[in-house]
Amino acid sequence: MMKRQNEGISFFQRYLTVWVLLCMVAGVLVGHFLPWVPRVLGKMQVAGISIPIAVLIWIMIYPMMIKVDFQSIREVGRNPKGLFVTWITNWLIKPFTMYGLAYLFLFVVFRHFIAPELATQYLAGAVLLGAAPCTAMVFVWSTLTHGNPAYTVVQVATNDLIILVAFVPIVKFLLGVSKVSVPYSTLFVSILLFVVIPLVEGVVTRVGITGRKGRDYLENVFVHKFDHVTTVGLLLTLVIIFASQAEVILSNPVHIILIAVPFIIQTFLIFFIAYGAAKLVRLPYDIAAPAGLIGASNFFELAVAVAIALFGTTSPAALATTVGVLTEVPVMLTLVKIANRTQSHFQKRQA
């Protein structure tokens, strides 16, 4: 039975990139030909966060949270190396490599295609993405790489706390922006929606199912009922995101491709830095994979919100943060495949 389940998951993931691209196209088509759909959905917000997207992300996260038990969380402190890899990569390396790569391509390599004024705004969007490492979506990537759920929760939770104090100083330093207005309500609501609520619900479910039918049923039967839920939630999220950004994407096709180049290179670079560091410090695979993926992806909700607050909804900076969303999912799925295929090079997964 387990073998058939794993084969089904593998088959589904094999074609996930194709489904992602189809959902992106579908979202753009919906946004262009049925503009009232994203308008209606766009009005459903709390602190700049889309409620429909929040619900879908919660659906993606919940199955992983069921796997978390607090005994495992307490044991994270015995192996803090994965946290150090995450923190160093996210805050001492990623923002500065993003700035360097974006500047190189926007002002040097593509200088004949992008005016300096536009390049400056695009660079601002790139920096906002680079200074906002991923939170909610990490749970999706961790699930697809069979990451340690308890360790991933701690990685995300500590990363959220660091964002509260490090995001503004880094953005100010890299951009020289003296008045960076960060919607802290977006940060706090994100932590509540994407970490606290699903974690509590997951723990309640775990305790209830274990109490009634035992831990063996929970881990070998119940959790597998949600095997495809994470992926379906991801695909529906993409449709909504790209529907809301349809006109921006269609009106700037060439610049979107140019902006995407440094973003893609940056994503691969950060992943391999963190993943390689995890290998050097001998982390087990189920900690190493999420450590690499958390830095490679971005907290796009925060980046987009700040770009709009600083530069306006139709600004080039806001467009750049949107390109981050456009490129992230296909690239992250590629990194998930790389991680899954190289797990034999790491220590055996923790029980």
Pairs from LYS67/LYS94; LYS81/LYS337; LYS94/LYS172; LYS43/LYS172 whose Cα-Cα separation, in the structure shown, is over 20 Å: LYS67/LYS94; LYS81/LYS337; LYS43/LYS172
Accessible surface, 1.4 Å probe, highest first, among residues LEU280, LEU41: LEU280, LEU41
Per-q log10 I(q)/I(0), the stretch 82-153, q = 0.11, 0.28 Å⁻¹ (Debye; single scatterer per alpha-carbon; no solvent): -0.40, -1.17
Among 325-336, 109-120, the order from most to least packed when residues are scored by Cβ within 10 Å on average: 325-336, 109-120
Shape category assigned to the stretch 226-279 from the gyration tensor of Cα positions, a/c cut at 1.5: oblate
Other-chain or far-sequence residues with amide H under 5 Å of ASN298's (modelled H): CYS134
Positive-pole candidate from THR321, ALA260, SER297, dipole of the stretch 202-351, charges at beta carbon: SER297
Packing-based order for 24-32, 241-249, 201-209, using average beta carbon neighbours within 10 Å, highest first: 241-249, 24-32, 201-209
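The values are calculated or read from the model by the stated rules, or taken from the named source; none is laboratory data. Everything numeric in this text was worked out from a predicted model, so none of it was measured. All Cβ positions, even for glycine, are placed from backbone atoms using ideal geometry, and neighbour counts span all protein chains on display. The protein model used for the area step is the full one, side chains on, heavy atoms only, and it has no ligands, DNA or RNA in it. Shrake-Rupley method; radii C 1.70, N 1.55, O 1.52, S 1.80 Å.
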